[in-house]
1. Would you confirm whether any residue within the range 280-298 is among the β-branched types (Val, Ile, Thr), part of a strand (DSSP E or B) and in contact with a strand residue (DSSP E or B) (Cβ under 7 Å, 6 or more places away or on another chain)?
2. When you scan the range 109-132, how many residues do you find that are among the polar types (S, T, N, Q) and either closer than 15 Å to ASP184 by Cα or buried (at least 24 other Cβ atoms within 10 Å of the Cβ) (or both)?
3. Can you name the number of the only condition in (1) surrounded by 18 or more Cβ atoms within 10 Å (Cβ to Cβ); (2) assigned to a strand (DSSP E or B) that TYR243 fails?
4. Please work out which one of (1) in contact (Cβ under 8 Å) with a residue 40 or more places away in the chain; (2) over 40 Å from the mean Cα position of the chain (by Cα) is the condition ALA471 fails and give its number.
5. Between a residue in the range 292-320 that is at pLDDT 90 or above and any residue that is of a type in the set (Asp, Glu), which pairs come within a Cβ distance under 8 Å, given they are 6 or more apart or on different chains?
6. Just give me the residues in the range 518-556 being farther than 22 Å from LEU463 by Cβ and aromatic (Phe, Trp, Tyr), in sequence order.
7. If you scan the range 208-225, which residues turn out to be surrounded by 19 or more Cβ atoms within 10 Å (Cβ to Cβ) and closer than 20 Å to ALA123 by Cα?
8. What number of residues in the range 609-642 are surrounded by fewer than 18 Cβ atoms within 10 Å (Cβ to Cβ), under 24 Å from GLU388 (Cα atoms) and either among the polar types (S, T, N, Q) or in contact with a Leu (Cβ under 9 Å, 6 or more places away or on another chain) (or both)?
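The values are calculated or read from the model by the stated rules, or taken from the named source; none is laboratory data. Just so it is clear, the structure is predicted and the values come from calculations on it, not from any experiment. Every residue, glycine among them, receives a Cβ derived from its backbone with ideal geometry; neighbour counts consider all protein chains shown.
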Amino acid sequence: MRRYLHVSFVFLIVFMLLVSGCGKATHVVTPTIEEQPVLESAAPTVSPTPESTLTPTASPTPEMRITPTEAPPIPCTITFDSDRDGNAEIYSMAPDGSRTINLTNDAADDSEPAWSADGSQIAFVSNRPNKEQEGGNYVYVMDADGSNVRQLTFENDSARPDWSHDGSQITYSNKGDIYIIKADGSGQSVNLTNSPEEDVQPTWSPDGSQIAWLTMEGDKGNIFVMNADGSHAAQLTENGKAYDVLWTIDGEIFSHWDHPDGVCQRCVMAADGSNARDAGGKGELQRYLPFKTADGERVECINGDMNAGNEEIYLVGEMFADIFLNLTNNPGLDRNPDWPANCLAGFEEVMPEEAAVPSAAQNEPVLGYAGDDPTQWQRKNNFQKGCEALGIRCAYGEIPDLVKQNVSAIVLNSNPETIERDTSAIDEAVEKGIPVFVLDAEIEINGAYSILADRGDMMRVTLNNLFKDSAGSGEFAYFDFSSNQMDAELIKGLLEAAYPQIKVVTTDTERYNFKDDAYIFNDLIEAYPTLEAIWTNSGYTNAVFGIVNNISSAENYPMMNCEPSKTGFYIWKDRTTEHPGFECVIVSNPPGIAYDAVYAAYYMVSGETIDESALEGQYGNALVVDFPVVTNENLAEWMEIIHYENDDFVADEWMTPEEIKDKWFE
C-alpha cells in the first residue's frame with residue numbers, strides 16, 4: 001500500500017466537516033469490465049544501471065535465528081522517482097540512503113513507484129512507447145531489481161498504482177475513475193467508480209478489504225471509501241479541503257485537511273469517518289505512518305522541499321541531530337518514496353502516545369497565521385511547511401481570534417498598503433505577550449517584527465540589470481499602475497542618486513495603459529523607438545509581445561522586467577527561443593518569508609534571543625531576507641524549478657533553519 005507524505009504542497013486551512021458512519025455517498029458505483037488488448041510480446045526487460053556512487057557489495061547483515069515457519073524479515077528498501085539523470089526514472093535505495101540504483105534506466109519518463117507488500121515487485125507509471133501505442137501513461141510492473149518489465153494497463157492516463165496486501169491485484173486511477181486489475185496481467189481491468197466525478201489517488205487498506213480515494217472538483221478534494229469490489233462507497237468529508245488520503249498502519253484514515261472545529265490539520269479518523277483527531281506534530285506521525293530504519297528504529301519517511309525547488313526524501317525522528325535526515329541529498333527532484341508493507345513487521349499497531357512523543361512536546365508552541373490572501377497562497381503554504389518541518393501545531397484566523405486561542409506567536413500576512421488597518425490588533429496581541437511577525441511591511445510597535453525583502457534593494461538590483469548594457473545612459477520608460485505609486489517613488493529616487501544619465505521619456509499610465517489594452521503598447525514603441533529599458537508592475541504579457549511584434553531588429557529590443565510567475569517565465573522563455581535577442585529580468589518578492597517567519601517565531605518563543613545587530617529597516621525591527629534574481633543567464637535553471645508548479649507560482653526562496661538561527665539570533 002502506498003504510504004508516502006509530501007510536506008511541500010500541503011494545503012491546510014481551517015477545515016472540514018466530518019460525516020460519521022456511512023456519510024453521504026454521491027457516487028453511484030457500477031463496476032464495468034474493460035477489455036485488455038493482448039500484446040504479441042511483453043515489454044523488453046530492463047536491466048538496472050547502478051549509479052557511479054553504488055557500492056557493489058552489500059552491507060553485512062547480522063546473523064538471525066529463524067524458525068522454519070518464519071519468513072525472514074525484509075528491509076525497508078525505498079523506491080522513489082527522480083529526474084537526477086535528466087528524465088524521470090525509478091530508483092531504489094537502502095533504508096539509510098545508501099546503494100542507490102537506477103532501476104528503469106529508460107529514455108521515457110517513469111514515476112509513481114509502488115512496492116508489492118512482499119518486496120518482490122514494483123508497479124510504476126511510464127510513458128514509454130510499444131507496439132500498441134506511441135506513448136501515454138500506463139502502469140507497468142517490474143521485479144525488485146528492475147528486470148522483467150511488463151505493461152499491465154492499456155488505458156492511457158493511468159496513474160497512482162497501489163497493491164493489494166496479498167499482491168494479487170493493483171488499483172489505479174484513469175481519466176477520473178478508479179480501477180483494479182490482476183497484478184499478473186490476466187483478466188480484465190474493472191472500473192470500480194464509473195462516475196462523472198474526478199476520482200484520484202486510490203489506496204488499498206492494509207487488510208485488502210477497502211479502497212480509499214479522493215474525489216476532486218477543481219482544486220477541492222473529498223475523501224471516499226468503498227469495498228474492494230466497488231460496493232458500499234461512502235463519502236467521509238464534505239467541504240472539499242482534503243489534500244491527500246493514506247491508510248494508517250492499523251487500518252484507519254490519515255489526511256491533511258482542515259477540520260471545521262479546528263480539531264486537526266493532520267488528521268486520523270476511523271475508516272467510516274468517525275473519531276476524527278489530531279495525528280500530532282513532531283515525532284508523532286510515526287505512530288500511524290511508520291518507517292523502519294536499518295537498525296529497527298521507528299521513524300517517519302517523507303518527501304519534502306526544505307530548500308526552494310529541491311525536493312528530497314527525509315527520515316524524521318528525534319534520534320537525528322536536526323530531526324531530519326536527508327537520504328537523497330541530490331540536486332534533482334526526488335519524489336514519491338515507497339517501501340514494502342511487510343518490512344514493517346512488528347509495527348502493526350499504532351505506537352502508544354506516551355511512547356512516541358517526548359513529554360516536552362506537550363508544551364511546544366502553537367503558531368498562528370493571520371491576514372490570509374488567496375492570491376498569496378504560497379505564503380500560507382510556506383507557513384504550513386515550516387510548521388510541518390518543526391512538527392508544531394498551526395492555527396489560522398484573524399489576530400483577535402488567535403489571541404483568544406492563546407497562540408504562542410502570530411505571523412501576519414500583510415503589505416505596505418494594508419498594514420495600518422491591523423495596528424490595533426497587533427497592539428492587543430503584543431500587550432498579551434504574543435509576538436507578531438509581520439510579512440512584507442514595517443510597523444513601529446514594540447513586540448512586533450517585520451520579515452521582508454528590502455524593496456529598495458530589489459528595485460536597485462532591477463535597475464542595475466535593466467541598464468547593464470547601456471552604460472547607465474539612454475531612454476527609459478517606467479509605469480507604476482498601483483494607486484500608491486510607491487514603486488514610482490523608489491525608481492525616481494534611485495535614478496536621481498545613481499543614474500543621472502538615464503533619460504525618462506514617459507511614465508504616463510493613462511496615455512500608455514497597455515495593462516488594459518495590448519495595442520496601446522504599439523503606440524509607445526512608435527513614439528519612442530530608441531528605448532533602452534522599460535519597467536512595469538502590470539501588463540507584462542502585453543509589453544513583451546509589444547516589443548517583439550513591433551521591433552524588427554533584436555539589437556533594438558529594450559530590456560524589461562518580466563512577470564515573476566510561472567506564466568511569465570514561460571512567456572519569457574518562448575520569446576527568447578523565437579527572438580534570441582530578447583532579454584528580461586525578474587526580481588521576485590519571495591513568498592518564502594512566511595517559512596522564515598515560522599522559524600524566527602519558533603526560536604524566539606523557545607527562548608532564543610534576536611541579535612539586535614540583525615535588525616534593520618525604518619524602525620529598527622526588520623529581519624531582512626534575500627530575494628531571487630532571474631536573468632537570461634539562469635533562466636533555464638529556474639524553468640526546471642517551476643516546471644511542476646501552478647501557473648501563478650511566484651519565484652521563491654527561503655533560508656534554511658541553520659541560516660535563520662545564525663543570521664538573526666545570538
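1. no
2. Adding up the residues that qualify gives 4.
3. In the conditions (1) surrounded by 18 or more Cβ atoms within 10 Å (Cβ to Cβ); (2) assigned to a strand (DSSP E or B), TYR243 misses (2) alone.
4. (1)
5. From the range 292-320, the pairs are THR293/ASP96; ALA294/ASP96; GLU312/ASP305; GLU312/ASP334; ILE313/ASP334; LEU315/GLU300.
6. TYR519, PHE545 - these are the residues of the range 518-556 that are farther than 22 Å from LEU463 by Cβ and aromatic (Phe, Trp, Tyr).
7. GLN210, ILE211, ALA212, TRP213
8. The qualifying residues number 2.
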